[in-house]
1. Over the range 520-562, what is the relative contact order in percent, taking alpha-carbon pairs closer than 8 angstrom and at least six residues apart?
2. What is the dipole size for the range 400-617, taken about its Cα centre, with +1 at each Lys and Arg Cβ and -1 at each Asp and Glu Cβ, in debye to the nearest 20?
3. Once label points are set 7 Å from the Cα along Cα→Cβ at both Arg28 and Arg613, what is their separation, rounded to one decimal in nm?
4. Report the FRET efficiency, 1/(1 + (r/R0)^6), for Thr133 and Ser333, where r is their Cβ-Cβ distance and R0 is 60 Å, rounded to 0.05.
5. Between Lys442 and Lys61, how high is the FRET efficiency from 1/(1 + (r/R0)^6) when r is the Cβ-Cβ distance and R₀ = 25 Å? Nearest 0.05.
6. If you put +1 on each Lys and Arg Cβ and -1 on each Asp and Glu Cβ, how big is the dipole of the chain around its Cα centre, in Debye rounded to 20?
7. Hey, what's the Kirkwood Rh for the range 352-483 if you take every pair of different alpha carbons, in angstrom?
8. List the chymotrypsin sites (Phe, Trp or Tyr not before Pro) in the range 320-420 that DSSP assigns to loop (not H, G, I, E or B) and whose Cβ has at most 15 other Cβ atoms within 10 Å. Which are they?
Amino acid sequence: MERTIDEAAREMLRVAKERNLSTAWDRRDQQGVPCRFGVAGLCCRICNMGPCRIVEGRSPKGVCGADADTIAARNLLRMIAGGVAAHSDHGRDVAHTLLQASQDGDYQVKDPLKLRRLAYALGLEVAGKDDHTLAREVAEKALAEFGRQDGELRFVLRAPERRVERWRRFGIVPRGIDREVTEVMHRTTMGVDADYRNLILQGLRCALADGWGGSMIATELQDLLFGTPSPLRGKVNLGVLKPEMVNIVVHGHEPTLSEMVVLAAQSPELLRLAQAKGAKGINIAGICCTANEILMRHGIPVAGNFLHQELAVMTGVVDAMVVDVQCIMPALSDLVRHFHTVLVTTSPKAKIPGAEHLEFSEERALEVAKEIVRLGVENFSRRNGQVYVPKETMDLIAGFTAESVFYFLGGRYRATYRPLNDAIIDGRLRGVAGIVGCNNPKITQDFSHVEMAKELIKNDVLVVVTGCAAIAEAKAGLLRPEAAFELAGKGLQEICEAVGIPPVLHVGSCVDNSRILITLTNMVHEGGLGEDISDIPAAGAAPEWMSEKAVAIAFYFVASGVFTVLGSPFPIEGAPNLVRFLTEELEDVVGGKFAFEPDPIKAAHLMLEHIERKRHALKLPAPMYA
Ligand code: BF8
Ligand code: SF4
């Protein structure tokens, strides 16, 4: 199997081989054939009577009597809880940061208009309050959602009425964010919930507490603090690293840190220091979701997605790699020892043996960020001359949001979803699709993301992307407006040309998948495409997923009524009833369901077939350019 489709990555993998440096791909090979019980979801180590394994014919049940469906469902639920916890803890941190925002502090309110809209959505009295008082109240209200004991999460009520009714009917409206995570952990301990259907319902409720809770809080409050993105130009891939400059790579997730690093790198005193060290300036580049955050708000270049983190270090020009939380390979600390790069951990939640730890705090945000940048600048003169920077870069447009895309589609002065809905209704567009999620060394890097997107846009489906999928599409050039003429069908081409957008729209980081939920809701409200998200000709996919966070995302999309295709199955294949429930029966419950399909073209066609079914149900005409 090819490791990657990315020329820059290929080049760096050659360097890795020459220098005998281990990468995620090598370690994946060293793992050999994975344990078949793990793959099938048939291993349980929840209690000390086990670990138990389900073997057909010999041991169909665990010591306690749990069967394959129970065991696989419990394991899957714990993955959901892990993902929800990660996104939501990020959301909580952002709310804490918002609490600190003040006129003269490091963090300020950057989008007062959105502040007012959000305060209103949270049920706050808006009139007569200044921005920072209101921001405080929004932060407190948001924080209360985590510990809420009863009732319903406020943001859930932003979903279409039909959707909320459906959730109420099945008892899956999340109460409090932390409560749902805790309840998953409780119900999956030994001897509690043994009914895979009942377990999955709780999994859906917990996931909804992410999409319409923790992640949505993260996205919305980040917009308040750092500004709501609007489309801008940027560059991606390892060629954005500059041998003649100090390169500081920020990797991880929370813009609370990366925003400050961006600011610190503009400080005259550090720029002077960089010059004194012989550097032409300070270059900041991003990896993973924090890259998406600072790309879409500042146009900061992106060094790459998840599987690029080790490759970036191997260029030999990364003076500091600054990380916070999530998707940071512990392998980095071994790797940096072969280079001059200093790896800086910044979160008390995420330390790595061998890394330098410089703890970030909101109270001293800019000060700590400057210390971190200084570390990088001082390290510039320790470079040892071995430089392998690939030349690859690609232009892109990023920074679309539920607000801004349709600001464009609606014309400069009228934010409306009408043109988008009309295009779907008259058949110029077949529908919309989201491609999200990670890289995974089990799958050729970026291949599935890119092939799937190409197939969809060729068939007049407008594609939105987030996270590492967004970076994959960007590297392949699909976030350029020109890509519409090269690759899109005639209908999508017309729209892209009229509005000046690429056929694949970058809508942000992984917590920004909540922007897609709001977009779909706005489409419902605009009218003509049914009354619920599940009526819209839309589909989702995570073709190269690896993280528990992707499981949480997939579950909240399905729970919100979206047909979602995964490039590799959940570890549940040994549990036939559970598989049937998730891939068939669930549609009757939430209007969405899962499919598993490794071939990205076949997966795209599953999505297209679903979109056709939805068009048919809405009695829409055949696509204009079939
Ligand atoms: O949160 S797509 S590899 S970086 S988990 Fe991680 Fe997956 Fe990338 Fe962003 Ni999302
Ligand atoms: Fe085995 Fe049941 Fe304990 Fe799991 S919970 S380890 S299946 S006895």
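The values are calculated or read from the model by the stated rules, or taken from the named source; none is laboratory data. Note that the structure is predicted; figures quoted are calculated from it, not measured. Reconstructed Cβ throughout: ideal geometry from the backbone, glycine too, with neighbour counts over all protein chains shown. The accessibility values were calculated without ligands, DNA or RNA, using every heavy atom of the protein model including side chains. Shrake-Rupley method; radii C 1.70, N 1.55, O 1.52, S 1.80 Å.
1. Normalised by residue count, the contact order of the range 520-562 is 36 percent.
2. Around 380 debye, computed over the range 400-617.
3. Result: 3.1 nm between the two label points.
4. 0.85
5. The value I calculate is 0.25.
6. Once rounded to the nearest 20, the dipole reads 520 debye.
7. 18.8 Å
8. Here the sparse-neighbourhood loop sites are Tyr413.
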